[in-house]
Each structure stands twice: as C-alpha cells, then as structure tokens.
Amino acid sequence: MKQSGVTRPPTKRSSDGARSDVRAPSVRWLADLCGLPPVDCLPDVASDAVAQQDHAAEVVAHVGWWARHPVADSNFARSIGRLPDISDAELFEVLNRKGYDGLLYRNEGEIIGHCFFQRHDAEMHAFSMWVSEGHRGGSLMVTACFDFMAYASAQPGIVRARFGTGHPGDRLLRRLKQFSAGLGWQVRRGAWVEFSASDPERAGPQS
C-alpha cells in the first residue's frame, strides 16, 4: 500500500505468545492516529490463521458457531439461507469462497472478539461485531471498527468499506472524519469510508 502523508505509528506487538505472521499487518495505526485508548490485543485474520494452522481448530469452530447462529432476519441469514450439514472446516471454506472473512481478537489464546466482513467486488462490508462479556465496556469494539477500516484500505482493489449500516456506524466513525482529509479518504453517511482512488494498487483494473 502506498503511504499517505500522515505518519502511521508502528504497530505494537502483543506479548501473548500468539504468532505474529498471521496478524493483519499494521492495522492499529488508524486507531492510534485517531487517539483511541490503547488496546493490547492485535487481530488475527481468520483465513490466514486457518491457512497457516495457527489455532485453526478454534478459529473454524468459532466461525462455524456464529455462522449457524446468525441474527434472525439479518442480511447474512438471508444471503446464506439454510446451511448444509457439513463440518465446521468445510463450512469455513464455503464462506471464504463467498468472500467472508474476519478479524479475530485473542487474550491469552482465547478468542474474545471478532469483526466479520465480506468482500463485494471493490467493497468490503463489516457486518458482525462481538466482544465477550468479560471484555465489554472498554474500547475494543470501537478499535475493531478502525482496525477493519485500516485493513480494508490496504487490500488491493478495495476502494471503499462500510462498518455496519446507519446511525451506529456513523457514530463510531465521527472521530475518523477529523483525519480523513489528511488520509485522502472521505467518510460518508451510511458508515461508508471511501479510500483514495489515486492509489493504483487499490483502484483495480481500469476500463
């Protein structure tokens, strides 16, 4: 990803013993830039963790449970429909082929939060956020929103991303508006963030 004129602080690595090579690279810079309170745990990318066999069984079990227990009448529930009777590992592969993935947060090896998203051509949509009961009340949920935006902005071909829909997402992204001009981004109503289209690595093939 091309660097903007804004200084991006180096990512602080967690000391929980988890492997660092499956982690979303340098995503915490955005939360740091926007002045969010520090959060110790950095996210793993679910698909990378499974591919590299880093806690793969726990990851596919976590994703499988949430896929089989969606919020009723949610967009995910409607788009997936009735799931086939297959293993968690097979289900993970099916979802990943459909563009689903996620950022997973751990504390002492335990998954304590997630941000699930789906890629739609040149867009990424974050649609499911969860933080375990023992870790609620802090800033992890807000930080995960900014981690997702930082991750999406670095993906080739992605020109914009959305965190949820409507007012809750708009409220979470208010702080980002103060820094969006310096990044070359635009924060729009509906929890959309448009990244700089001048970056050829992100703009995708030209017509």
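Derivation of every value follows stated rules applied to the coordinates shown; laboratory data play no part. Owing to the predicted nature of the structure, the values given are computational and were not obtained by experimental measurement. In this analysis, Cβ positions are derived from the backbone assuming ideal geometry, glycine residues included, and neighbour counts consider all displayed protein chains.
Apply 1/(1 + (r/R0)^6) to the Cβ-Cβ distance of GLU110 and GLN52, taking R0 = 22 Å, and write down the FRET efficiency to the nearest 0.05. Mind showing how you got there, number by number?
Details: r = 19 Å, r/R0 = 0.86.
Calculated transfer efficiency: 0.70.
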Please list 3J(HN,Hα) in residue order for the stretch 85-94, calculated via the Karplus relation 6.51 cos²θ - 1.76 cosθ + 1.60 where θ = phi - 60°; whole Hz, with x for glycine and proline. 7, 10, 6, 4, 5, 5, 5, 4, 5, 4
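In the stretch 91-167, what GluC sites (Glu not before Pro) fall in a loop by DSSP, with at most 16 other Cβ atoms inside 10 Å?
Listed in order of number, the matching sites are GLU108.
Which whole-number percent gives the relative contact order of the stretch 29-203, counting Cα pairs below 8 Å spaced six or more residues apart?
In percent, rounded to a whole number, it is 18.
Could you please report the charge total around LYS177, scoring K, R as +1 and D, E as -1 over all other residues with beta-carbon less than 12 angstrom from its beta-carbon?
On the way: positive: ARG171, ARG174, ARG175, ARG188, ARG189; negative: ASP170.
In short, +4.
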